[in-house]
1. Per residue of the stretch 177-185, what does 6.51 cos²θ - 1.76 cosθ + 1.60 with θ = phi - 60° give for ³J(HN,Hα)? Whole Hz please, x for Gly and Pro, Karplus curve as stated.
2. Looking at the chain from every direction and averaging, what is the projected area of its Cα convex hull in nm²?
3. Using modelled backbone amide H atoms (1.01 Å from N, in-plane), which distant-in-sequence or interchain residues come within less than 5 Å of G208's amide H?
4. Taking θ as phi - 60°, what are the ³J(HN,Hα) couplings along the stretch 211-219 by the Karplus curve (6.51, -1.76, 1.60), each to the nearest whole Hz, with x for Gly and Pro?
5. What residues have an amide H closer than 5 Å to that of D10, excluding those fewer than 5 places away on the same chain, when H is modeled at 1.01 Å from N in the peptide plane?
6. Scattering from the C-alpha atoms of the stretch 129-236 alone, worked out with Debye: what is log10 I(q)/I(0) at q = 0.15, 0.21 1/Å?
7. Quick one: grab the alpha carbon gyration tensor of the stretch 84-175, order the square roots of its eigenvalues as a ≥ b ≥ c, and give me rounded if a/c is under 1.5, else prolate or oblate depending on whether a/b is larger than b/c.
8. Taking the Cβ of each residue in C216, C202, C169 as the centre, tally the other Cβ atoms inside 10 Å and list the residues starting with the fewest.
Amino acid sequence: MPGDDPRYIDWAAYARSGQTIMKLYREEVSPRMDLVLDVSRSMFFDPEKRAQTLRLFFFCMESAQALSAALQVYLVAGSESHRVDPDQLRDPEWEPEAAAESGGIPSLDRLPFRNSSIRLFLSDGLFDSAPDLILQELLRGKGRGVLLSPWLRREANPDWQGNMELRECEQGWVRRQRVDASLLKRYREAYTRHVQSWRDSCRRYQMGMARVPCDCGLGAALKAEALPNGLVELWG
């Protein structure tokens, strides 16, 4: 047909039939996914958040395998990280808390991300770091990044009042604090700014992000942001 590239004419077929036939090749590529789970204690200290985090993690893992993706899984907690075999994670004795030896900012610079892979990062983002530093690591080597962030409503909007004993879940230190309406308002505003900083950075780096609430089923949680943002799709 007019416009076809003559370099793709199948001359062997032409010799047999006398008709010019184009030979086109379709490269079959198995997508590569590097799945990273933040196993710091803030992800697992609350039973409701722990359950939703694990549901989300295994949903991502099974979805990748259903697509025949070349999957690699990493667990990261502070400066510690290691790769695990997805088959090992099906062991009923596996406990993510056992990997959470240290807290702090997840160190992604040591993870051997593959070139042009999809980097799916599961983290609540509740650490003191500029989001840009994390996102730059997720996107190195021409990678594509997605952030799925489990969260609790009582983290975002707690009902603290009066004399409280607050325990820092990563390092374990305890602080006794009187909470009044003014302090609670400042906390909520700081939390909102922190989440917005992640959204702004993801938008700046053209990286997908969705918050996943932990007080409902996984299907409903994914419909809140992940589905409207195009990070998951409905099948069937």
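FYI, it's all coordinate maths here, none of it is from the lab. In this text the structure is predicted, and so the values were computed from the model without any measurement. Reconstructed Cβ throughout: ideal geometry from the backbone, glycine too, with neighbour counts over all protein chains shown.
1. Going residue by residue, I get 9, 8, 10, 10, 4, 5, 5, 5, 5 Hz, with x marking Gly and Pro.
2. If I average the Cα hull's projected area over directions, I get 18.4 nm².
3. Excluding prolines and chain starts, which carry no amide H, the hits are G145, L147.
4. Coupling constants for the stretch 211-219: 8, 10, x, 9, 9, 8, x, 5, x Hz.
5. Hits under the 5 Å cutoff: I21, M22, K23.
6. Debye output, listed in q order: -0.83, -1.18.
7. Prolate is the answer for the stretch 84-175, as a/c is 1.5 or above and a/b outweighs b/c.
8. Ordered by Cβ neighbours within 10 Å, fewest first: C216, C169, C202.
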